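This report concerns only the one structure given below.
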Amino acid sequence: AQSVTQPDIHITVSEGASLELRCNYSYGATPYLFWYVQSPGQGLQLLLKYFSGDTLVQGIKGFEAEFKRSQSSFNLRKPSVHWSDAAEYFCAVGWEEYGNKLVFGAGTILRVKS
Amino acid sequence: DAGVTQSPTHLIKTRGQQVTLRCSPKSGHDTVSWYQQALGQGPQFIFQYYEEEERQRGNFPDRFSGHQFPNYSSELNVNALLLGDSALYLCASSPPTADTQYFGPGTRLTVL
């Protein structure tokens, strides 16, 4: 069965520090990969996506993510975190053979301390 | 350009009642998907509509049903509500021949 794992439920970083949020997925050789961000009580905003090509993708708000097929991972990074980045981050994966249904991880809550 | 819109924002129902949630996709989008997000969890796929037909369905009971209209807007209906149906219901739309889903703000359903 398809699954997505975000191993960190909570992460706290200092403002200005770097950030890496982990995401691993199971099943399938042709994933479509996404990172979304959700502020409290809000919907999901797309940060970035990977379909094919260059495995390092750039997104909005200074975020980037790297697809590593050998590790089934799609980790999200930001070199310098701002207080406004505090939110919950979701990794989502779609598989070509399953249409464009998305399977989400459980999310990582990011806290930023000043 | 308006994004995905959903109504109502909040809804309170009692067990056994029925509810209808509504979604209007982004302009130019023809596919609508619905997700349920329980508190503290990631969204779970309910179903997807394309060309007014249910194209895919997740692991949800038949109490959950939907509809897509010719203008691509969509409704999610839930019958015989249970306490466990309390959640944020998210609608997402995607354009033709593309797999990126854009989400609306959600409808918060509380079942008492």
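The values are calculated or read from the model by the stated rules, or taken from the named source; none is laboratory data. Note that the structure is predicted; figures quoted are calculated from it, not measured. In this analysis, Cβ positions are derived from the backbone assuming ideal geometry, glycine residues included, and neighbour counts consider all displayed protein chains. Side chains included, ligands, DNA and RNA excluded: accessible areas come from the protein's heavy atoms. Shrake-Rupley method; radii C 1.70, N 1.55, O 1.52, S 1.80 Å.
Quick notes on this structure:
- Selection status of residue A:57, of a type outside the set (D, E, K, R) and either under 13 Å from residue A:23 (Cα atoms) or within 14 Å of chain B (Cβ to nearest Cβ) (or both): yes
- When B:101, B:44 are checked against the criterion of being open to solvent by less than 70 Å² (accessible area, probe 1.4 Å) and either without any contact (Cβ under 8 Å) to a residue 40 or more places away in the chain or not hydrophobic (A, V, I, L, M, F, W, C) (or both), a single residue qualifies: B:101.
- Where residue B:21 falls short, out of the listed (1) exposed (fewer than 14 other Cβ atoms within 10 Å of the Cβ); (2) touching a Phe, Trp or Tyr at 6+ places or on another chain (Cβ under 6 Å): (1)
- Residue within the stretch B:31-38 that is part of a loop (DSSP other than H, G, I, E, B), open to solvent by 20 Å² or more (accessible area, probe 1.4 Å) and farther than 16 Å from residue B:88 by Cα present: no
- Residue satisfying all of: in the stretch A:68-114; part of a helix (DSSP H, G or I) and at the interface with chain B (Cβ under 9 Å from one of its Cβ atoms); most open to solvent (accessible area, probe 1.4 Å) among these: A:96
- Qualifying residue in the stretch A:50-66 (condition: touching a residue at least 60 places away in the same chain (Cβ under 8 Å), in a strand (DSSP E or B) and under 12 Å from the mean Cα position of the chain (by Cα)): no
- Taking the stretch B:68-112 and the strands (runs of 3 or more DSSP E) fully enclosed by it, the elements with 3 or more residues that are away from every other protein chain (no Cβ under 11 Å) and touching a strand residue (DSSP E or B) at 6+ places or on another chain (Cβ under 9 Å) are at B:74-78, B:107-111.
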